[in-house]
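Q: Could you have a look at this structure, given as structure tokens, before my questions?
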């Protein structure tokens, strides 16, 4: 039995069936490429256009990240109790605070944990600083949001599958349409403590709001003493062609929520804000066994430096513009729209196309890895180190697959 068959058999038998993966068993990675065999021959080589949903902006096996990881492992310290200090965590908090132009950083492990943490901070800020009546705080969110999979978060999702048979849910959330300033203004009341929004909606299908929406939404929040919480987990660290998607409108949110590419391939997330917000947390209010552990922190420091020093946001903008423009030349009868910013691209198919899954399977046969979302959308998000010649290698496959009957 080969490795793929063995992995599939074991997953079918022993794993929860909460994913429906393509039949690809990745065993090696380098840059934007992965292999399904350790021999590294071309017949086992694939271009990864998913990048772990944006967690691998720096690419696979980046030498600077490998060195940082090995150095920390060699020290013999990968996790310490939060009863003690650790230097990598301290340095990472400083670095994130500086690049976000904020005072304080809270480190967690996953994007969902960071969102949950930001919700707790916003609520406590509302009670202690805004003086909202006890247990009356509300937070505004948007339709088609994706902020994670916890009970609280799926409770304010508008996607029925995410909610079905998981209730009862937490109270205190209002759902409004995305990209709708009048709806935001109408939803705010004296108990509103925050507006939680994705600067660009990833899981919904790489949806960008109208130009000016983020700036206006921030202004509305500021005028009403409401915190603007930007979930940059997927859209951060260069994915859209700017360091953060908010940067397209020069918006500095009250609270940054970060994850995915922050860890350079390892689990790490963060909430970053000013001290008048963060300092509502006191010892015992919140915590995490692994959050900010020295191993992930050491790698994350180098991961951020790679994004900044190797100009990955600039490469994302340049290569993403080229990739999108070339895709638009494919006059497919199945395509409703090509859209994107930076190396975050969606191919939205018509309802008559038969769903995006079959196109992703066909692309995999041509050694290109993509993933469908919301049934009719192919999402493209390769590592930000991808080069023009690699995109050119992939374009004929997209041409062939998008013209399938």
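Q: What's the exposure ranking of 46, 14, going from fewest to most Cβ atoms within 10 Å? Working shown, then result.
A: Working: 46 19, 14 7.
Fewest to most other Cβ atoms nearby, the residues stand as 14, 46.
Q: Any chance you could tell me what percent of the C-alpha pair distances in the stretch 10-141 go past 20 Å?
A: Values: 6035 of 8646 pairs.
The answer is 70 percent, as a whole percent.
Q: Let me ask something else. Among 95, 229, 343, determine the one that fluctuates most according to a GNM of the chain built with springs between C-alpha atoms less than 10 Å apart.
A: Comparing 95, 229, 343 in the GNM, the peak value goes to 95.
Q: Follow-up question, since we're still on this one. When a footprinting reagent is the concern and you count Cβ atoms within 10 Å, what order do 297, 37 take, fewest first?
A: Values: 297 25, 37 15.
So the residues, fewest neighbours to most, are 37, 297.
Q: What is the helix-to-structure angle for 111-125, meaning the angle in degrees between its Cα long axis and the longest Cα principal axis of the chain, kept from 0 to 90 and rounded to the nearest 10?
A: Around 10 degrees separate the two axes.
Q: Regarding the stretch 63-309, what are the three Cα extents along the principal axes, ordered largest first, in Å?
A: The Cα atoms of the stretch 63-309 stretch 55, 39, 38 Å along the principal axes, largest first.
Q: Expressed as an acute angle from 0 to 90° and rounded to the nearest 10, what is the orientation of the C-alpha long axis of helix 87-100 relative to the principal long axis of the chain?
A: 90
Q: Return a whole-number percent for the relative contact order of the chain, with Cα pairs under 8 Å and 6 or more residues apart as the contact set.
A: Details: 789 pairs, mean separation 87.6, N = 405.
Over the chain, the number comes to 22 percent.
Q: Continuing with the same structure: List the equivalent ellipsoid semi-axes of the stretch 110-207 in whole Å, largest first, each obtained as the square root of 5λ for an eigenvalue λ of the Cα gyration tensor.
A: Details: eigenvalues 91, 53, 32 Å².
Those come to 21, 16, 13 Å.
Q: What is the angle, in °, between the Cα long axis of helix 294-309 and the longest principal axis of the Cα atoms in the chain? Nearest 10 is fine, range 0 to 90.
A: Compared with the principal axis, the helix lies near 70 degrees.
Q: While we're looking at this one, here's another question. Counting other C-beta atoms within 10 Å, which of 374, 17, 147 has the fewest, and how do the rest follow?
A: Working: 374 14, 17 7, 147 27.
Taking fewest neighbouring Cβ atoms as first place, the list is 17, 374, 147.
Q: Report, for the stretch 63-309, the % of DSSP beta bridges that are antiparallel, rounded to 5.
A: Numbers: 10 of 24 bridges.
Counting only bridges with both partners in the stretch 63-309, antiparallel ones make up about 40 percent.
None of the figures in this text is laboratory data; all of them are computed from the coordinates on show. It should be emphasised that the depicted structure is a prediction, and the values quoted were computed from it without experimental measurement. Virtual Cβ from ideal backbone geometry, glycine too; neighbours counted across all protein chains shown.
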